[in-house]
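Peer 1: Questions regarding the structure given below will be posed in turn.
The values are calculated or read from the model by the stated rules, or taken from the named source; none is laboratory data. All of these numbers come straight from a predicted model, not from anything done at the bench. Note that each Cβ is placed from the backbone with ideal geometry, even for glycine, and that neighbours are counted across all protein chains shown. When the accessible area is computed, the model is the full protein with side chains, heavy atoms only, and any ligands, DNA or RNA have been set aside. Shrake-Rupley method; radii C 1.70, N 1.55, O 1.52, S 1.80 Å.
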Amino acid sequence: MDLRDFYLLAALIACLRLDSAIAQELIYTIREELPENVPIGNIPKDLNISHINAATGTSASLVYRLVSKAGDAPLVKVSSNTGEIFTTSNRIDREKLCAGASYAEENECFFELEVVILPNDFFRLIKIKIIVKDTNDNAPMFPSPVINISIPENTLINSRFPIPSATDPDTGFNGVQHYELLNGQSVFGLDIVETPEGEKWPQLIVQQNLDREQKDTYVMKIKVEDGGTPQKSSTAILQVTVSDVNDNRPVFKESQVEVHIPENAPVGTSVIQLHATDADIGSNAEIRYIFGAQVAPATKRFFALNNTTGLITVQRSLDREETAIHKVTVLASDGSSTPARATVTINVTDVNDNPPNIDLRYIISPINGTVYLSEKDPINTKIALITVSDKDTDVNGKVICFIEREVPFHLKAVYDNQYLLETSSLLDYEGTKEFSFKIVASDSGKPSLNQTALVRVKLEDENDNPPIFSQPVIELSVSENNRRGLYLTTISATDEDSGKNADIVYQLGPNASFFDLDRKTGVLTASRVFDREEQERFIFTVTARDNGTPPLQSQAAVIVTVLDENDNSPKFTHNHFQFFVSENLPKYSTVGVITVTDADAGENKAVTLSILNDNENFVLDPYSGVIKSNVSFDREQQSSYTFDVKAVDGGQPPRSSTAKVTINVMDVNDNSPVVIYPPSNTSFKLVPLSAIPGSVVAEVFAVDIDTGMNAELKYTIVSGNNKGLFRIDPVTGNITLEEKPTPNDVGLHRLVVNISDLGYPKSLHTLVLVFLYVNDTAGNASYIYDLIRRTMETPLDRNIGDSSQPYQNEDYLTIMIAIVAGAMVVIVVIFVTVLVRCRHASRFKAAQRSKQGAEWMSPNQENKQNKKKKRKKRKSPKSSLLNFVTIEESKPDDAVHEPINGTISLPAELEEQSIGRFDWGTAPPSTFKPNSPDLAKHYKSASPQSAFHLKPDTPVSVKKHHVIQELPLDNTFVGGCDTLSKRSSTSSDHFSASECSSQGGFKTKGPLHTRQQKKQN
C-alpha cells in the first residue's frame, strides 16, 4: 500500500464517522410556485435550539448563515438573527427543478441546502431537505394536435386500436386521469388501459362493422383531462382511415425486453436485434420496424432502429449520468392497421468516466480567493463546507476526501458526502503566516479519478507574544559618590509579533527613584548620588510593554549593588563608656566590652582598637573590644579609672575616632543586718487591754554596715500574727496595734520578724523573736519568762496558741497573786534594763564611729575568720527547742557585750511572698547605671576569644573583700550561697532553704545569740 492509498483509506474511514452533535437534518414540504417571503420553517424552534449558554447561563447571539455557492440564485433565504426560512423572488418550478425525472406519485421532487449556526462555540451544520409538491399548473397534451389511425375494413367489432397517449408534466392526480371521445358517431368507442408503470393508454374500440367503400374516413375529437383543481384538459383531432384487409399482423417473439449497455459504448454498437414474424405471405409479410409514438425524442437521438432488420444501435454517445434508462416502444407493421408492439428497456451501465466534483462553499467569506484567520481563533474554527459528488454509481461513485499535505487543518465528516474544513490546532502567525493546500476528492473506480480544490489561508497577527527580556535578572554594580546621569546599562527586550504589536516601550517600576530609563532605547542612568551606607542595594523592576491591543508586557528584575568607598570613620556606640565592677573582681577578669561600628564595608569597616593613655592597668583586645583588668580592684584605694580608646579602620587612607572609658568600682553586699533591739529573743513587751489601735507596742531596730541599697532594711512579720492583731512598719520597724485587744487576746504572743536588706545581687536577712504579753499587768515576770521558755519548744511556723499546753493560768486568782507578788520584782528589773540599755547605747555609738570609713564598708577579714572558727566549735544542743532556734550565751570576756544576732531559716510555707527584687529603676546614683554597656551583647562573633563567664562554683581567693562581680542586670554572674542560705541568685525567695539545708525540717544556719543583762555590782 503506497502513501496515496493510505490517505484514501483514512479519508474513507473519516467519511463514515459523522458528527451527530453538529450535523442535523430538517425536512420541509412546500408547494411549487409560492410567492416571495412565504415562511417555510423556523430552525431554532424546529430543532429546539436554546440561545442560553449552559456553562455561563447568559444569552448568546447566534447567527444563521445559508451556505450557498457563488453565483447561485437561492430559492430560499434564511434570517441571520431568527433562523426563519422564507421563499425568495426566484420561482420554484417543480417541473423545471426535477426535469427528466419520473412523475410517478411515489417519486419526490426536492432540493437540499445547508445552514450553519455561528459562532464557533455553538457551531452546527443543518442539512435542510425541501420537498416540492406538485400543483396543477400544466394541462395534459397529446403528442400531436391531429392523430391519424388506419383501421382495416374487416376489423371485428370490439377490436381495439391504440391511440397515442397524452402527457402531463404534473404528477399524481394532477397528471392524466381521463380520456373522452367526442363525436364518436356510435361507430367507435374509447377504452383506457393502465400499464404496470401507472400510465394510462387510450384505445379506440370498433363498435360497428366498417365498410371502406361506404365511408373510408372518420373525423372525431379526443379529450384528455387531469385530476387537478381546477381541472385542466386539451383535445386533439382523431382521424380514422378505413384501409383494405390484411388479416395477419406481425408478432414479436418477446414483447418485453430488457438489455444493458455500457455508457461508453461507441457509436454503432448493437443494442438488441428485434425479430417479429408474420403469417401472411408476400407483401403482407413484409415487416417494417418503427419507433412507437411514445418514444421520447431524446431517446430517438441516442438510438437508431433499422426499419428492415429491427436492429437497434447506438447512434450517439451515451451518458448514464444524463439518462440511465431508456424505454423504447418498437412497432412491427406489415402494412396492416394493427402493428405488433414490443417494449425495450435499455439500461445504460455506469463506467468510471466522471471525476469527483468538489463543491467548496466558504463559511468565512474569502477575499480575492483567500480566507483570513486570526491566529487567536480557537481549535475547530469552521472555514468552509465541502460537498463532494460523483455522477458515477456504485464503486465508481464512492468518493473519499482528504487534505493533500500536513497542515493545521482537517476535514470533519458531517454527512456521507459533506465535510467541514476546520482548524485542527492553534495557529501561530509567528510560525507560519500563510497556508496554501489542496483538498483532494478521489473515487474508487479502476482507474481512480480525482479532483482537487485549492484553499489559501492567511493569518492575521494578534498581540499574543509579550516582550521578552534577554535577561530576566539584570545585575549591576556602581561605586558610591557617583555623578548624576551616569550611564549604567542598556535594557533590551524583543517581541516576536510584528507591526505595532512589536513596538516596545520601557518603564521603571516602584522603588526606582534613583534611576532614569529612556522609554524608547532602554538606556538606564543614575539620577542621584548613591550612598552605600544609606542603601547598599537597589532592587526594582523594569516593564517592557508592546503597543498591541490589548498591550502585553513582561518584567525583569534589576539589582544594582553600590560598591563601598572609605568615606566613614569608625563610630563608637558611646562617646563615653562607663563600666561598673565589683571591688573584689580578680585580676585578668573581663570588665567590659567596647563596641565600635563602621558604616563602610569590607576592609573599610575592619576596625582595630587600642588604648591611648592607660598605665597598663587594663588590656584591650584590638578586635573584639573586650577590656580585661590587669590589676585587682580596691574601691577604698581607687573608686574609678579613666582612659581613652582609639579605633582605626582598614581603608586607604585609614580613618579613626576616639572615645573615653570609665571603670567604676562598686561595693558588695556581704553583711547581714544586725539586730539592735530587742536586746534578746527572750525579752517581751506588755500590751495592756486598754491600748488603742495604732499605738506603738514594740519596736525592732537593726543596722547593716554595708552602704547604699545594701544597707537599706525592710521589716516583715513572717509568723505569729495569725489574728492580725499587730502590724510592723517595714521601714521603721515599729510594731503597732491593729485592733483593740479583747479578753480573748489575753496571753503571750510570739512574733517572728524578718529583717532583710535590699542588696544586689542577693538580699541578706536576719530573724528576731518579739514576745508581746497582752494583759492589764505583768506582775509575775518569772511566770512570763517561763512561758517564753516553753514557747521555744513550739516550731516557728506554728502559733504558740496552737499548742495543747495552756500558757494561761487556769486559776485567775493565782495569776493575780503572782502579779502582785512580783510587782516589786518587775520594777527592779525595769530599772536595771533601762540602765543597761543606756550604757550599751553609748558604747555602740562609740564603736560605730570608730568603724566608719574603710572598716564600715569592709569588715575586718580576720574577725570574720575568727567568727568562722568560733562557729565551727559550737555544737547544736540536743533539745527539741534548739531544732528551731539556737541560743548562745555571750562569753564572759566579751568586753563590749555587742548585741548578739542570729539567723533562723523558715519553711517555705512561712516565706513572705511580697518581698521581691529591688527595683533598680529607682536606684540612687551610687549604684551602677541601667544604661551601662551590655557585656554579652557586645561580644563579636568573629572574636578570637571565647565569651567570658563567671560560673557559680568558681572559687575565689580570700582577699580583703569577698569577690562578687557587679555588672549590669542581664550580664551579672553571682556564685555561692551566703551564710544564711545557698539559694540561687535569680530567686526572689528570701527565706528558701531548699538548697542549703542538708535535711528536712528547720535548721539554723548559725547560733541565735541572746544578749545577757550586765550584772549589777
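Peer 1: State which residue is farthest from residue 662 (Cα to Cα) when the search covers only the stretch 565-583 and only residues that are in contact with a strand residue (DSSP E or B) (Cβ under 8 Å, 6 or more places away or on another chain) and buried (at least 20 other Cβ atoms within 10 Å of the Cβ).
Peer 2: Of everything passing the filter in the stretch 565-583, 570 is farthest from residue 662 (Cα to Cα).
Peer 1: I'd like to check something: does the stretch 465-483 contain any residue that is hydrophobic (A, V, I, L, M, F, W, C) and touching an Asp or Glu at 6+ places or on another chain (Cβ under 8 Å)?
Peer 2: Taking every residue of the stretch 465-483 in turn, at least one turns out to be hydrophobic (A, V, I, L, M, F, W, C) and touching an Asp or Glu at 6+ places or on another chain (Cβ under 8 Å).
Peer 1: Between a first residue in the stretch 44-71 that is part of a loop (DSSP other than H, G, I, E, B) and at pLDDT 85 or above and a second residue that is of a type in the set (S, T, N, Q) and open to solvent by 40 Å² or more (accessible area, probe 1.4 Å), which pairs have beta carbons less than 8 Å apart while being 6 or more apart in sequence or on different chains?
Peer 2: The qualifying pairs are 47/24.
Peer 1: Moving on. Would you say residue 188 is hydrophobic (A, V, I, L, M, F, W, C), touching a residue at least 12 places away in the same chain (Cβ under 8 Å) and in contact with a helix residue (DSSP H, G or I) (Cβ under 7 Å, 6 or more places away or on another chain)?
Peer 2: Here the answer is no, as residue 188 does not meet what is asked.
Peer 1: If residue 661 satisfies every condition in (1) open to solvent by less than 20 Å² (accessible area, probe 1.4 Å); (2) in contact with a Leu (Cβ under 8 Å, 6 or more places away or on another chain) but one, which is the exception?
Peer 2: That leaves (2) as the condition not met.
Peer 1: May I pose another question? Condition check: surrounded by 15 or more Cβ atoms within 10 Å (Cβ to Cβ) and either of a type outside the set (Val, Ile, Thr) or part of a strand (DSSP E or B) (or both). Does residue 165 satisfy that?
Peer 2: Considered against the rule, which asks whether it is surrounded by 15 or more Cβ atoms within 10 Å (Cβ to Cβ) and either of a type outside the set (Val, Ile, Thr) or part of a strand (DSSP E or B) (or both), residue 165 comes out as yes.
Peer 1: Applying the selection to the stretch 441-463, what residues are under 48 Å from the mean Cα position of the chain (by Cα) and open to solvent by less than 50 Å² (accessible area, probe 1.4 Å)?
Peer 2: 455, 457, 459, 461, 462, 463
The rows are residues; the columns are (1) open to solvent by 30 Å² or more (accessible area, probe 1.4 Å); (2) more than 41 Å from the chain's Cα centre (by Cα); (3) touching a residue at least 60 places away in the same chain (Cβ under 8 Å).
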residue	(1), (2), (3)
350	yes, yes, yes
353	yes, yes, yes
359	no, yes, yes
370	no, yes, yes
374	no, no, yes
378	yes, no, yes
385	no, yes, yes
392	no, yes, yes
401	no, yes, yes
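Peer 1: Now for a different question. If you check every pair at least six apart or on different chains, which have Cβ atoms under 6 Å apart with a residue in the stretch 439-454 that is on the phi < 0 side of the Ramachandran plot first and a residue that is among the acidic types (Asp, Glu) and in a loop (DSSP other than H, G, I, E, B) second?
Peer 2: From residues that are on the phi < 0 side of the Ramachandran plot, the pairs are 440/404; 443/390.
Peer 1: Given the conditions (1) surrounded by 15 or more Cβ atoms within 10 Å (Cβ to Cβ); (2) at positive phi, and given that residue 586 satisfies all but one, which numbered condition is not satisfied?
Peer 2: For residue 586, the failing item is (2).
Peer 1: For residue 335, are the conditions met, namely being at pLDDT 90 or above, in a loop (DSSP other than H, G, I, E, B) and open to solvent by 40 Å² or more (accessible area, probe 1.4 Å)?
Peer 2: no
Peer 1: Could you tell me whether the stretch 249-262 includes any residue that is open to solvent by 30 Å² or more (accessible area, probe 1.4 Å), under 22 Å from residue 148 (Cα atoms) and modelled with pLDDT under 90?
Peer 2: Checked the stretch 249-262: at least one residue is open to solvent by 30 Å² or more (accessible area, probe 1.4 Å), under 22 Å from residue 148 (Cα atoms) and modelled with pLDDT under 90.
Residues checked against (1) within 25 Å of residue 784 (Cβ to Cβ); (2) assigned to a loop (DSSP other than H, G, I, E, B); (3) of a type in the set (Ser, Thr, Tyr); (4) within 60 Å of the chain's Cα centre (by Cα):
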position: 731; (1), (2), (3), (4): no, yes, no, no
position: 736; (1), (2), (3), (4): yes, no, yes, no
position: 739; (1), (2), (3), (4): yes, yes, no, no
position: 751; (1), (2), (3), (4): yes, no, no, no
position: 759; (1), (2), (3), (4): no, yes, no, no
position: 769; (1), (2), (3), (4): yes, no, no, no
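Peer 1: Right, something else. Scan the stretch 605-616 residue by residue and report those that are in a loop (DSSP other than H, G, I, E, B), under 21 Å from residue 585 (Cβ atoms) and either open to solvent by 40 Å² or more (accessible area, probe 1.4 Å) or touching a Leu at 6+ places or on another chain (Cβ under 7 Å) (or both).
Peer 2: 615, 616 - these are the residues of the stretch 605-616 that are in a loop (DSSP other than H, G, I, E, B), under 21 Å from residue 585 (Cβ atoms) and either open to solvent by 40 Å² or more (accessible area, probe 1.4 Å) or touching a Leu at 6+ places or on another chain (Cβ under 7 Å) (or both).
Peer 1: Now, a different point. Any idea which of (1) among the polar types (S, T, N, Q); (2) assigned to a loop (DSSP other than H, G, I, E, B); (3) surrounded by 13 or more Cβ atoms within 10 Å (Cβ to Cβ) is the one residue 513 doesn't satisfy?
Peer 2: (3)
Peer 1: For the structure I just gave you, tell me whether residue 191 is more than 60 Å from the chain's Cα centre (by Cα), open to solvent by 10 Å² or more (accessible area, probe 1.4 Å) and of a type in the set (D, E, K, R).
Peer 2: yes
Peer 1: From the residues in the stretch 623-649 that are closer than 30 Å to residue 479 by Cα and open to solvent by 30 Å² or more (accessible area, probe 1.4 Å), which one is nearest to the chain's Cα centre (by Cα)?
Peer 2: 623
Peer 1: Residues being part of a loop (DSSP other than H, G, I, E, B) and within 25 Å of residue 448 (Cβ to Cβ): count how many of those fall in the stretch 338-383.
Peer 2: 7
Peer 1: Could you say whether any residue in the stretch 775-784 is more than 23 Å from residue 823 (Cβ to Cβ) and either in contact with a Ser or Thr (Cβ under 8 Å, 6 or more places away or on another chain) or buried (at least 22 other Cβ atoms within 10 Å of the Cβ) (or both)?
Peer 2: No, the stretch 775-784 contains no residue that is more than 23 Å from residue 823 (Cβ to Cβ) and either in contact with a Ser or Thr (Cβ under 8 Å, 6 or more places away or on another chain) or buried (at least 22 other Cβ atoms within 10 Å of the Cβ) (or both).
Peer 1: With under 17 Å from residue 677 (Cα atoms), out of contact with any Lys or Arg (no Cβ under 6 Å at 6 or more places or on another chain) and open to solvent by 30 Å² or more (accessible area, probe 1.4 Å) as the only criterion, which of 722, 744, 734 stands out?
Peer 2: 734
Peer 1: Are there any pairs, at least 6 apart or on different chains, whose C-beta atoms fall under 9 Å, with the first in the stretch 227-244 and under 10 Å from residue 140 (Cβ atoms) and in contact (Cβ under 8 Å) with a residue 24 or more places away in the chain and the second in a strand (DSSP E or B) and open to solvent by less than 10 Å² (accessible area, probe 1.4 Å), and if so, which?
Peer 2: Matching pairs, first to second residue: 232/226; 233/224; 233/226; 234/224.
Peer 1: Here's another thing I want to ask about it. In the stretch 276-308, how many are among the hydroxyl-bearing types (Ser, Thr, Tyr) and open to solvent by 60 Å² or more (accessible area, probe 1.4 Å)?
Peer 2: Residues that pass the stated criteria total 3.
Peer 1: Give the stretch 470-499 a look and list any residue that's without any contact (Cβ under 8 Å) to a residue 60 or more places away in the chain and in a loop (DSSP other than H, G, I, E, B), or say none.
Peer 2: Across the stretch 470-499, the qualifying residues are 470, 482, 483, 484, 485, 486, 492, 495.
Peer 1: Out of 676, 663, 692, 717, report the one residue that is among the β-branched types (Val, Ile, Thr), more than 26 Å from residue 751 (Cβ to Cβ) and either out of contact with any helix residue (DSSP H, G or I) (no Cβ under 8 Å at 6 or more places or on another chain) or assigned to a strand (DSSP E or B) (or both).
Peer 2: 663
Peer 1: For the stretch 131-139, indicate whether the set of residues that are under 60 Å from the mean Cα position of the chain (by Cα) and more than 30 Å from residue 204 (Cα to Cα) is non-empty.
Peer 2: yes
Peer 1: For the stretch 187-246, enumerate the residues that are in contact with a Leu (Cβ under 6 Å, 6 or more places away or on another chain) and among the β-branched types (Val, Ile, Thr).
Peer 2: 222, 242 - these are the residues of the stretch 187-246 that are in contact with a Leu (Cβ under 6 Å, 6 or more places away or on another chain) and among the β-branched types (Val, Ile, Thr).
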